[in-house]
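Please treat every number below as a calculation from the coordinates, not as lab data. Being a predicted model, the structure only gives us computed values, none of them experimental. Note that we place each Cβ from the backbone using ideal geometry, even for glycine, and neighbour counts take in every protein chain shown.
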Amino acid sequence: MKTIQTVLLIGCLAGMAAAQDKAFMNARIIDGTGKVIQNGTLLVRGGKVAAAGSSVKIPDGVVQIDITGKTIMPGLINTHGHVNALDNLGRYARFGVTTVFSLGGEREISFRDSTRAEQQTPGLNRARLFICGPIPAPDTAEAGRKAVDELAAAKVDLVKIRVDDNLGAGKAMSPEVYGAIIDQAHKKGLRVAVHIVKLSDAKGVLKAGADFIAHSVRDAEIDEEFLALMKKNNAPYSPTLLREVSTFAYADKPAFLSDPFLLKDAADAEVARAKEPQFIESMKTNKGAAWYREHMAVAMRNVKKAQSAGIPVVMGTDTGPAQRFQGYFEHLELEYMVNAGLTPMQSIVSATGTAARALKVSDVGTLEPGKWADFLVLAANPLDDIKNTRKLDSVWIAGAAVPGK
């Protein structure tokens, strides 16, 4: 019986067929639904999960891979990231983020056009991509409807808008305009994700029919009215706690900048910039950073309240901008969600099964028969310590090992 290291070596040296059937044996399997299988076998055939259980029959000709002592879990789904270049998808994948919803960018449609067909093939070696395309910022309801028509023609996966006054420095999109955008999107069969900061704005867009709250409510405690609106719309809630952390953390020279798990694949220039005295000083004196630091506790309490109320909480980070480290911050997000009061299992499910279900992607997120075999092999149990998601032994997408950098 082969070890996982042997199989990876064979794959590198001999070009092992991406679709070759494999059985990962003697593993702890976290399936993405909240269940754990002890001493289990994950059977992968044609790039998809054929079976996952404690008594799986292995057909002849299947490569058997012994991973005794290791844990298998579904690949992470980031429900709020940003892809700025195609190579970002490789970095996400190498860190174990196997699906990314890129919530807004001028080049997303071209990225989607050049990658989407590959997402239905075995042996994919980068993260799956879903997009919003350019973010409408119209001044009138008519212009908002026209922008939605253009996005619908481009066949985006979601529409994204921002309803935020930038902490009083600007003017938020008016209810008339965002109402028209949401209405037109629904007429076109599209859901709408909304960037908000304030509770009042969140309630406003939900009353207009918003489908996805793409950040934490950060200015006030969420209340029963907000929770009722979320349930009425069946809207998921993406905390993006690491987005908040990124606004102030570098003022304190965070320890994670020296984490080998980050440094193995982070952009060197971004890490160097985060350590520059001028950059550090700018964070110390930034009023917005001070506000987000002050309100971080509110955001974290709201995550726990939403989870406890039965709202579908889905992992998101807003990674993509500089110093929001793609792939790495997703693991920190899970830690922050646990610190906010979720259990390790709840945080894992938020980034796997719940994320896929909430954003209506039916073929990933859980290790159930018929789903793509997108999964992580971990050297330690993340249910014991959520930080163990960073003890990443290997990443597999559509049944093939993701190559290193």
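Please work out how much length the chain gains when fully extended from residue 188 to residue 86, using 0.36 nm per residue of separation minus the C-alpha to C-alpha distance, in nm with one decimal.
33.9 nm
Between residue 278 and residue 140, what's the calculated FRET efficiency when r is the beta-carbon distance and R0 is 30 Å? Round to 0.05.
For residue 278 and residue 140, the calculated efficiency is 0.15.
With charges only on Cβ, +1 for K and R and -1 for D and E, what is the dipole size of the chain about its Cα centre, in debye, rounded to 20?
The dipole magnitude comes to about 540 debye.
Calculate how steeply helix 224-233 sits against the longest principal axis of the alpha-carbon atoms of the chain, using the helix alpha-carbon long axis, and give the answer as 0 to 90 degrees to the nearest 10.
60 degrees
Taking Cα atoms, how many degrees apart are the long axis of helix 4-14 and the longest axis of the chain, rounded to 10 and kept between 0 and 90?
On a 0 to 90 degree scale, this one is about 90.
Ranking 130, 24 by Cβ neighbours within 10 Å, fewest first, what do you get?
130, 24
Net charge within 14 Å of residue 123 by Cβ-Cβ distance, Lys/Arg positive one each and Asp/Glu negative one each, not counting residue 123 itself?
Value of the local net charge: +2.
Identify, among 348, 254, 295, the residue whose Cα sits farthest towards the positive end of the charge dipole of the chain, taking +1 on the Cβ of Lys and Arg and -1 on the Cβ of Asp and Glu, with the dipole about the Cα centre.
Final value for the positive-end residue is 348.
Quote the relative contact order of the chain in percent (integer), defining contacts as alpha-carbon pairs under 8 Å separated by 6+ residues.
21 percent
Which trypsin sites (Lys or Arg not before Pro) does segment 110-202 hold that lie in a coil by DSSP with at most 10 other beta carbons within 10 Å?
171
Can you pull the one-decimal nm distance between simple spin-label points at residue 339 and residue 57, each 7 Å off the Cα toward Cβ?
Label at residue 339, label at residue 57, 5.0 nm between them.
Starting at 0 and stepping by 10 Å, how many percent of the alpha carbon pairs of segment 172-233 end up in each bin?
Per 10 Å bin, starting at zero, the Cα-Cα P(r) for segment 172-233 comes out as 24, 57, 18, 1 percent.
How far apart, in nanometres, would the label points at residue 393 and residue 263 be if each is projected 7 angstrom from Cα along the Cα-to-Cβ direction?
Taking the two extended label points, one gets 2.6 nm.
Label-point separation (nm) for residue 255 and residue 287, each offset 7 Å from Cα along Cα-to-Cβ?
Those two pseudo-labels are separated by 3.4 nm.
Assuming 0.36 nm per residue, please report the length gained on full extension of the stretch residue 152 to residue 118 beyond their Cα-Cα distance.
Difference between extended and current length: 10.1 nm.
In Å and whole numbers, how far do the C-alpha atoms of the chain stretch along each principal axis, longest first?
So the three principal-axis extents are 63, 49, 38 Å.
Counting only DSSP beta bridges with both residues in the chain, what percent are antiparallel, rounded to the nearest 5?
45 percent
At 0.36 nm per residue, and after removing the present C-alpha to C-alpha distance, how many nm does the segment from residue 301 to residue 385 gain when stretched out fully?
Length gained, residue 301 through residue 385: 28.2 nm.
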